[in-house]
1. Filter the stretch 25-45 for residues that are farther than 18 Å from Thr64 by Cα and either open to solvent by 90 Å² or more (accessible area, probe 1.4 Å) or not in a strand (DSSP E or B) (or both) and give the result.
2. Which pairs do you get when a residue that is without any contact (Cβ under 8 Å) to a residue 12 or more places away in the chain, found in the stretch 13-39, comes within reach of a residue that is part of a strand (DSSP E or B), reach meaning Cβ atoms under 8 angstrom, with the pair 6+ apart or on two chains?
3. Considering the stretch 14-42 alone, what residues qualify as being closer than 15 Å to Leu57 by Cα and among the hydroxyl-bearing types (Ser, Thr, Tyr)?
4. When the residues of the stretch 3-24 are narrowed to those that are in a strand (DSSP E or B) and of a type in the set (Val, Ile, Thr), which ends up farthest from Val52 (Cα to Cα)?
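The values are calculated or read from the model by the stated rules, or taken from the named source; none is laboratory data. The shown structure was predicted, so the numbers you read here are calculated from the model rather than taken from an experiment. As a convention, Cβ positions derive from the backbone with ideal geometry for all residues, glycine included, and neighbour counts pool all protein chains shown. These accessible areas exclude ligands, DNA and RNA; they are computed on the full protein's heavy atoms, side chains included. Shrake-Rupley method; radii C 1.70, N 1.55, O 1.52, S 1.80 Å.
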Amino acid sequence: MEIRIGIVNTGRELNFETASSADEVRSQVASALEQNATHVSFVDVKGSSYLVPTANLAYIELGTEESRRVGFVA
């Protein structure tokens, strides 16, 4: 699933793919915000880790969970 994270006062957004479901990511972010955690962490499909400060979150866009198709469709 593709995740796009907008960060306050930053012209670019953080964009990566993760093996987690949309519900898992949604509950992880919601619990971090409810508990006033300083950071929320994500792991992408390549094993890279991302720490994002919760105070600077502008938005989080959760993409579809379908894999991309390659080739021609007949």
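1. Within the stretch 25-45, the subset farther than 18 Å from Thr64 by Cα is 30-41.
Scanning the stretch 25-45 gives Ala30, Ser31, Ala32, Leu33, Glu34, Gln35, Asn36, Ala37, Thr38, His39.
2. That search, which allows pairs on different chains as well, returns Glu13/Arg4; Glu13/Ile5; Glu13/Gly6; Glu13/Ile7.
3. Residues satisfying the conditions are Ser31, Thr38, Ser41.
4. Filtering the stretch 3-24 for residues in a strand (DSSP E or B) gives 3-7, 13-17.
Among the residues that remain, those that are also of a type in the set (Val, Ile, Thr) are: 3, 5, 7.
Values: Ile3: 13, Ile5: 9, Ile7: 8 Å.
By that ranking, first place goes to Ile3.
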